[in-house]
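**Q** Here's a structure for you.
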Amino acid sequence: MKVLLVSPSSSTVYGQYISPPYPPLGLLYIAAVLEKDNEVKVVDYDADKMNDEKLKDIFNSFKPDLVGLTASTANINSARQIASLAKEHEIKTLLGGLHATMMPEECMNYGCFDFIVKGEGEITIPLIVENLDKDEFNIDGMWYKKNGGIIKNKDRPYIQDLDSLPFPARHLLENPDVYTPPDAIKQPVTPIMTSRGCPSRCTYCCTKHILGQEFRFRSPKNSVDEIEYVIKKYGVKEIHIMDDVFTYNKQRVFDFRDEVKKRDIDVNFVFANGLRADQVDKERLEALKDLGVISIGCGVESGNQQILNNIRKDIRIERVREAYKIAQDMGFQTWGFFILGLPGDNDQTIKETIKFAKELDVDFAKFLTLTPYPNSHVFHQLEEENLIDNKDYDNYGVYTAPVHHLKDLSAEDIVKWQKRAYRQFYLRPRKILQHLARMKSLTQLKYNLKSAKFILGMM
């Protein structure tokens, strides 16, 4: 079979068009398992500067039997457009990823998708391709339409042996050099995942729906084999680890460090999704320092304990203080990630969040506004109180305006507080001097200029 895998445009994800920060890692895992028995082509709509006419040319030249797409909420409309184009060419279509997992019935009712895959797709999708010419699919983890109705097969258990998966098929990327993570210090960069699943209960997060709450991890040998491979094959100088809770298992952190050191691997390591503050202590940070990690970031979210309780963050303010103090005493550069517009937020709680960011004295703070993804716990919570204002998925991006309001804050109020937070945090003489003092190398200058450009834009 011929399978065309497409990552739709993410121009709406970030509120504006930016160069794609990372290749579509999930799609590349699917490509890797499919290419053993099929002919596979990968298209990244943004990286490949794709448009409808170019896509039609690929349909006509490659002649795929199946077009598979992945989509988050913010780019589901792009995925629908691509799938509709495929249907005009009488090609079967499949959707996986976050939005398909969270909203499978809605996605089936769009009419442009023949199959929906929920959760992990590395086992489910090859089975669909293998049985593509059949009318019935007794395959766990997928939904499909038959005789005008939706057949809902049971969910597939999560993959336990992650070492059994092949490395992502990076060789299928048409333009691998265009990916530019904004916080990268060295290029080329590649993302990897060394574990899946997050046991945390945060109400705004959808990770548990697609990857589960059971923490599953690759062996250190398998993870470092991939790192060694991308260094030799692609000259990679920086590894961005995409795990949600890399430091959850303490011994695993030490084992990973030992495996990297044993092979004398010298690259930068960055934790793209940050670390949980309650999974940071002196021993784990010492191991990360041995790896050469220079920057540590945590999802603080709020400086008000009741707000943290509201979102089931399951962490105490004092534990956050302790984690940052340890990291700063050890010389790490520190990031803090905060969310404004959480359930229960008001003028006072947001003031406390800004004050807490200053107290922690992180080097860089990001103040994002809440995005209540459909079918998440926080979405239902806000929906029940009639606080959701906008259900146009193009507006559910990372940096788009809030789609909700709160009892004490309008959507406009939340944005005003976001701009105020950036100004109050960064436009302090002490903070300005602190950043100027750090610019001791060209690399650090470039890093600070990138950050300054982002911050000024948010102001």
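The values are calculated or read from the model by the stated rules, or taken from the named source; none is laboratory data. These numbers were taken from a predicted model, which means no experiment stands behind them. Don't worry about glycine lacking a Cβ; one is built from the backbone with ideal geometry, like all the others, and counts go over all protein chains shown. These accessible areas exclude ligands, DNA and RNA; they are computed on the full protein's heavy atoms, side chains included. Shrake-Rupley method; radii C 1.70, N 1.55, O 1.52, S 1.80 Å.
**Q** Taking 0.36 nm per residue of separation and subtracting the Cα-Cα distance, what length does fully extending E90 through K351 add?
**A** That pair, E90 and K351, stretches by 88.4 nm at full extension.
**Q** Can you give the extra length, in nm with one decimal, that the chain gains between D408 and D135 once fully stretched, where that is 0.36 nm per residue apart less the Cα-Cα distance?
**A** Separation in residues times 0.36 nm, less the Cα-Cα distance, equals 93.0 nm.
**Q** Return the distance in nm (one decimal) between the two label points of a simple spin-label model at N249 and K391, each offset 7 Å from Cα along Cα→Cβ.
**A** About 4.1 nm separates the two model spin labels.
**Q** In the chain, what cysteines have no partner Cβ closer than 4.7 Å?
**A** Those would be C107, C112, C198, C206, C298, since no other cysteine Cβ in the chain comes under 4.7 Å of theirs.
**Q** With the other protein chains left in place, how much accessible area per residue, in square angstrom, belongs to region 91-146 at a 1.4 angstrom probe?
**A** I get 36 Å² per residue for region 91-146.
**Q** Next question, about the same structure. If you consider only alpha-carbon coordinates, what radius of gyration and Dmax does region 56-166 have, in Å?
**A** Taking only Cα atoms of region 56-166, I get Rg and Dmax of 13.7, 40 Å.
**Q** Let me ask something else. Specify the angular offset, from 0 to 90 degrees and rounded to the nearest 10, of the alpha carbon long axis of helix 220-234 from the longest principal axis of the alpha carbons in the chain.
**A** Approximately 80 degrees, to the nearest 10.
**Q** Now, a different point. Measuring from label point to label point, each 7 Å out along Cα→Cβ, what is the E283 to D266 span in nm?
**A** Label-label distance for E283 and D266, simple model: 3.0 nm.
**Q** If you don't mind, there's one more thing I want to ask. Return a whole-number percent for the relative contact order of the chain, with Cα pairs under 8 Å and 6 or more residues apart as the contact set.
**A** The normalised contact order for the chain reaches 13 percent.
**Q** With each run of n ≥ 4 DSSP H residues scored as -39500 (n - 2.57), what mean residue ellipticity at 222 nm is computed for the chain after dividing by its residue count and rounding to the nearest 500 deg cm²/dmol?
**A** -11500 deg cm²/dmol
**Q** Using Cα atoms only, what is the angle between the long axis of helix 282-291 and the major principal axis of the chain, expressed in degrees (0 to 90) to the nearest 10?
**A** Relative to the chain, helix 282-291 is tipped by roughly 60 degrees.
**Q** To the nearest 0.05, how large is the calculated FRET efficiency for S219 and D155 if R₀ is 30 Å and r is the Cβ-Cβ distance?
**A** Using R0 = 30 Å, I get an efficiency of 0.70.
**Q** Could you give the size of the charge dipole of region 91-224 about its Cα centre, using +1 on the Cβ of each K and R and -1 on the Cβ of each D and E, expressed in debye and rounded to the nearest 20?
**A** Charge dipole of region 91-224: 360 debye, to the nearest 20.
**Q** Per q in 0.07, 0.08, 0.13 1/Å, what log10 I(q)/I(0) does a Debye calculation on the alpha-carbon atoms of the chain return?
**A** For the requested q values the scattering log ratios are -0.36, -0.48, -1.32.
**Q** Can you tell me how much longer the chain between E318 and R423 gets when fully stretched, taken as 0.36 nm per residue apart minus their C-alpha distance, in nm with one decimal? List each step's numbers first, then the result.
**A** Values: separation 105, 0.36 × 105 = 37.80 nm, distance 2.54 nm.
Stretched out fully, the E318 to R423 stretch lengthens by 35.3 nm.
**Q** On a 0 to 90 degree scale, rounded to 10, what angle separates helix 317-329 from the longest Cα axis of the chain?
**A** So the helix axis and the longest Cα principal axis differ by about 80 degrees.
**Q** Is any residue of region 223-265 close enough, with backbone N under 19 Å, to a label point placed 7 angstrom from the Cα of S19 along the Cα-Cβ axis, and if so, which?
**A** It comes to 234-241, nothing else.
**Q** In whole percent, how big is the carbon plus sulfur part of the accessible area of the chain, probe 1.4 Å, protein atoms only?
**A** Roughly 49 percent, rounded to a whole number.
**Q** Kindly state, to the nearest 0.05, the FRET efficiency for H209 paired with R430, given R0 = 41 Å and r defined as their beta-carbon distance.
**A** 0.45
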